[in-house]
Structure formats: structure tokens, C-alpha cells
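First comes the structure, then the notes that go with it.
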Amino acid sequence: MLSFAVGYDWSTAYNSIQKRRPSVAKKGKNRRGKRQKIVGNDFRVVLDLPERLVLLLLQFLHVSRADWTFLMDRIRQHKTDGTPIYTEWSESKGRGRGRRYFAAPCEELKLVQRAILHRFLSTVQVHFVRHGNQPGSSILTSAETHAGAKSMFAVDIVNAFPSVFRSRIEANLKGPWEHACRMFQGVELSEADKEMMLETIVDLVAWRDRLPQGPPTSPRILDIVCLRMDKQLYELFISNGTVQSYRSTAYVDDLTFSCNTDSIPEELREKALEIIRKNGFIPHKRADKTVYYSPETGRVPIVLGLVICHGGRITMTPRKVNQLRARLHTLLTKEGELDDVSRGQLQGTIGFIRQVYPKKLPAKLCQIVEQVERRLTAEKSGATVTIVIEALPELETSNADPELKDAAVPQQDVGESMVSPASVQEVAAP
């Protein structure tokens, strides 16, 4: 039986109890709050570069005076009224996997960054295990290196681009810039002049004192910064075997090691992860990012979304096929004529698919690839062609990684494409 005291202030007691309770985030609220915005001292030197050094830099980069002036005006606007010089956005990595942040430069800055890439960064040495960001290499050449291997160890680096700070970029480019300055024969350049020109280049490739993901220069800079780490990893595996037994490749932030034996010792794998940490990077801990394949695990090796089957045959994972199919469908259903960017994306995607499947395409890609090729041919010849564009089904989503789920049975030659009623689009080239 409950008894209540007469005249007791129950509201005061209730409020005191609520204060003692631990705070709980309301449903639907983000408990971690918003991501803290990184603020850096950007473009600290480029606006103060003397005219004499500006002329030398323009000669070296093959940049016109007009393009340089437009860029300087854009940077001054950014410094004065905050006019954005980078377009920043983020994309989800998947449910519960965080977000990936991008920063795309404006057209004036992108033009100069491309000049820096072609005239300077492309001449800087990177390790031969690096694939991509240079002619003649791609994710396909990276996967082909490991064809026929019995065991494989794949490592993904967490947030590789923002892990590289401005000071590290400058330190890794100092030696190559000293070598490049030897071409200015007959010009008196002090050490302060060389340093100021180098800081100007770093100003134009760094953002918020870090390496941004989005500019055309960032992948090459990451390869340059990883040179010491690549040397140490290569030495580690070669010292524990032979050149024929171990193979190493790196594509941006994805590292892959394989061998012809039935296993890679766990001690060797741990040493590789420790080398990555000592070089300022953090290897992924998720099971679908840092993966070990061997006959004991019973899983088919996957490198950069490509499945290495028995006998060295390379195919795509079902997830990769769906991604490429959706990309082609999005570009193909654009109204009106294709612009240069969309046309280039279509040609690049088709070229990659034909590289992986030179003879027979997967069932899901046969019709969409044929439609894209017909449209590109029609625009090139100036003919008019009617193309049937089928709507894609809504992809199922789940917490499990589709690559790990379906990798054991690559479905490149089986299955019917589920389609909804098609729409007809007439394409006429100008």
C-alpha cells in the first residue's frame, strides 16, 4: 500500500530526479554533431610572389599571362569576400561507413593545376608498384599483376588524401623542385627564391593545409608522398621471399600483396600494417577493407572491384557491374545532345568494360553497352538513330558487402536483366 505525504512538492522531486539522469540524445538527432570544419591558411604566398619569379614560373608551367591573371583575381576575391574557389561536398560510403569529402577547384585553378601536373609532378619519380595516374596503367593492370596468385593480402588506407598535410607535400617536392630549377641556367636564383616558388606551387595544390580529394594533382602527389612507404613494403616482402614469389601493387590508397604459396604469414602481414602506420597512414580495420585471401579462407580474391578467377581470368563483381550499368544509364538518358564531359565519360566507361570483357559481355551490360555505342556512332556520323532506353530496377541494399557476398560466384555470364517498360529516345547528331 502506497502512502503520500500531505503537502509534499512532487514537481520539485520530479525535476531533481530528471537532473540526475544521464543525458540521452533524442531520436533522430546526430549524437556526434556536425563535422568540424577544417580551416587553414590557404594561398599564403602566391599573391606576394615577385613579378620576376612569376615570369619564370609561367615559362616553366607553360601558362599564359591571362590565365594567371584570372586565377589571381579569383584568389583575391576569395580572400576579400569569401568567394568559393573550391566546391566542397560529401558522399556517403554506405550505411554506417561514414562519408567521403571532396573539393573540386574552380576552372581557373584547375587549368593551372593541370599545368603543374603535366610539367612538374609527372616528372617526379614514384615507385614502380604504383598503378594509375600515368599512361599505360589502370586498375586492370593492377589486377592482372596478381593473376594466378594462390594467396593475397589487400589493404585500404583510411582517408588517405586528408592524411597528407601541407608541410609533408612541401617536404616531398623540395628535392624534385631543386632539380627542376637547374633548367633556369643563367638566372640568379637564391635559396629564398626557390623556396618561394615551391611554396607558390604548394599553395595551388593544397587546400585547408591538407591534400584535397578532387583536384587533378592530388592522386599524383599522393603517389609521390608514398614513395618511402612503397620502398619499405617492397623490401619487406622481397626479403621474405623472392621476386617471383611475392608481387606488390598500389592504386591510390589500395595496397595489394600476393604470392604463389598457399599462405602469407600473419607476422609478415602485421609488419606490413606497422610500416603503413609509421608512414603516417591508418590501415582500415573493417573486414571488407583489409582482407586476406588464401585457399584456407575459400574466397575468391577481389582487387579494386575486379575478381581474379582460377586460371587468371579477370571479371567484375556484381556490385561493380551494377555501378557501371547505372552510370551508363544516367548518361544515356540525358536530354538533348551530349556535351564533351558526358561524351568523354561514356567513352571511358565503355573502353574500360571492353578491356575487362574483350569477347563476351555480362548479360546485364550487353544491351546498355550496345545502346551507348550506337549513340556515339550516330553522333559521330551525323545520322539519326532511335535508341530504346530501359529503366533500371531499384537496387537492393543490405548491410552485408555485396562484393564479399557474391565474389565466390562471379555472375558475368548468367542471369537476366530485370527491366521495366522501356522508353524510346531519338538521337540526332548535329
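The values are calculated or read from the model by the stated rules, or taken from the named source; none is laboratory data. Treat the numbers as computed from the prediction; the structure is a model and nothing was measured. Here the Cβ is made from the backbone with ideal geometry for all residues, glycine too, and neighbour counts use every protein chain on show. Heads up: the accessible areas ignore ligands, DNA and RNA and are worked out on the full protein's heavy atoms, side chains in. Shrake-Rupley method; radii C 1.70, N 1.55, O 1.52, S 1.80 Å.
When Lys278, Lys271, Lys364, Lys320 are compared by accessible surface with a 1.4 Å probe, the order from highest to lowest is Lys278, Lys271, Lys364, Lys320. Model label sites at Asp81 and Ser137, defined 7 Å from Cα along the beta-carbon direction, differ in position by 4.5 nm. Taking a ≥ b ≥ c as the square roots of the eigenvalues of the Cα gyration tensor, segment 38-148 is classed as oblate, since a/c reaches at least 1.5 and a/b does not exceed b/c. Here the calculated FRET efficiency for Leu227 and Glu51, from their Cβ-Cβ distance with R0 = 35 Å, stands at 0.50, rounded to the nearest 0.05.
Using θ = phi - 60° in the Karplus curve 6.51 cos²θ - 1.76 cosθ + 1.60, the 3J(HN,Hα) couplings for segment 209-215 round to 6, 9, 8, x, 9, x, x Hz; x is entered for Gly and Pro.
One decimal place: the segment Glu296-Lys360 gains 19.9 nm when fully extended, by the rule 0.36 nm per residue minus the C-alpha distance. Surface composition of segment 273-346: carbon plus sulfur atoms contribute 50% of the solvent-accessible area (1.4 Å probe, protein chains only, all chains present).
Accessible surface for segment 114-169, divided over its residues, is 41 Å² per residue with a 1.4 Å probe.
Accessible area per residue for segment 182-250 is 43 Å², calculated with a 1.4 Å probe on protein heavy atoms, without ligands, DNA or RNA. Rounded to the nearest 10 square angstrom, Ser381 shows an accessible area of 80 square angstrom against a 1.4 Å probe. Taking the 1.4 Å solvent-accessible surface of segment 82-212 as the whole, the part contributed by carbon and sulfur is 51%.
Across the protein chains, with a 1.4 Å probe defining accessible surface, the residues Asp288, Asp203 rank Asp288, Asp203 from largest area downward. For Cys106, the solvent-accessible surface with a 1.4 Å probe is about 20 Å², rounded to the nearest 10. Put simply, the amide H of Ala149, placed in the peptide plane, has no neighbours under 5 Å, leaving out anything fewer than 5 places away on its chain.
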